[in-house]
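The values are calculated or read from the model by the stated rules, or taken from the named source; none is laboratory data. Keep in mind it's a predicted model, so treat the numbers as computed, not measured. Heads up, the Cβs are rebuilt from the backbone with ideal geometry, glycines too, and the neighbour counts pull from every protein chain shown.
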Amino acid sequence: MTPEYRIDVEQRIESYLAGNDVNGIKYMQVEQTFDELGIEIYVWNIKTNDGNWWVVEGEAVPMNLYTQNEFYFSADEAYSFHLGITQRRQAQHHQDFKHVIDEVPLDIEHIKSISRRLNNAALELNNVSGPEDIQSIGLTCRESLIELAGVLAQDNPDILKESDLKTADFKGISKAVISLYAPGKSNSKLRKRCRDLVEGAWDHSSEVVHSPNKNIPDAKICLLFTCSAVSVIQNLFLKYLGFDDEPKCPECKSMDYELFAHDNTEKMVLSCNACGHKEMTAEKI
């Protein structure tokens, strides 16, 4: 432990104790040092006006406070207990990443292989053991985007000719498709946001692939960007088909309604379940 580190950690311990309503430090000394995990973890013996405490801390290790008056009688026992908590936190951290794709409404039955790729990559987050595993997830994301570009080009063959694009040019194809699916002045802001998203998804996946310094959150962000890009383009397609023309109650704008046939006419009655408003509407909705 360097003198600089000692001064810094003593200040942090004092602040940490104060935050836990422990005041009046009378004695503060490192009782024992452990390095079983390849990093040094220190158990501090702290005596205060409010009792005696163990404080366990180290670089890249969360600081925690344990009383000496109850269960944790020795520095070794405090360290063992702290190590168990840290390992459980890490295990929970990995479990939280397991279903990362659930955070994005991903409905891509049209391209099941992309769905399968991304779900497998999400599961691989539980088994990361080195930089190459992070890079592999980035590669999966990039390959998924390239595959999506191929599907979009196949569904819209004129785009390649009109814009002089290659089938693997995800950024170019996706931007052209966004212009096609969200045309007009009213969608100008939406187009810009969607273009920024797909460009960010591609750029971030490329960074993850080529950098050995990325970590698990970077891989998760990469997956989220990729899933979001796929989902956004699909929902733009639904918007393009007219799914955003769902009727609404003219009074309260609710979309919770029922349609009834009007007696002796071919028209329908829209009955709002939210406000009770009823109105004659066209034959077809």
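Scan the range 1-58 for residues that are surrounded by 15 or more Cβ atoms within 10 Å (Cβ to Cβ) and among the small types (G, A, S) and the total you get is 1. Each residue in the range 1-38 was checked for being among the aromatic types (F, W, Y), at pLDDT 80 or above and not in a helix (DSSP H, G or I), and 1 pass.
Checking each residue in the range 145-187 for being surrounded by 17 or more Cβ atoms within 10 Å (Cβ to Cβ), farther than 20 Å from S115 by Cβ and charged (D, E, K, R) picks out D169, K175. Could we say that S205 is at pLDDT below 90, small (G, A, S) and either in a helix (DSSP H, G or I) or touching a His at 6+ places or on another chain (Cβ under 8 Å) (or both) here? Judged against the criteria, S205 is not a match.
The residue that is farthest from the chain's Cα centre (by Cα), among those in the range 167-189 that are among the charged types (D, E, K, R) and within 17 Å of E199 (Cα to Cα), is D169. Please tell me if R142 is among the charged types (D, E, K, R), buried (at least 19 other Cβ atoms within 10 Å of the Cβ), on the phi < 0 side of the Ramachandran plot and part of a helix (DSSP H, G or I). It is true that R142 is among the charged types (D, E, K, R), buried (at least 19 other Cβ atoms within 10 Å of the Cβ), on the phi < 0 side of the Ramachandran plot and part of a helix (DSSP H, G or I). Pairing residues of the range 200-216 that are in contact (Cβ under 8 Å) with a residue 12 or more places away in the chain with residues that are among the polar types (S, T, N, Q) and surrounded by 21 or more Cβ atoms within 10 Å (Cβ to Cβ), at Cβ distances under 8 Å and at least 6 apart in sequence or on separate chains, gives A201/T226; S205/T226.
For the range 52-73, how many residues are hydroxyl-bearing (S, T, Y) and at pLDDT below 65? Number satisfying all stated conditions: 1.
Please verify whether I159 is within 18 Å of N213 (Cα to Cα) and part of a helix (DSSP H, G or I), treating the condition exactly as stated.
no
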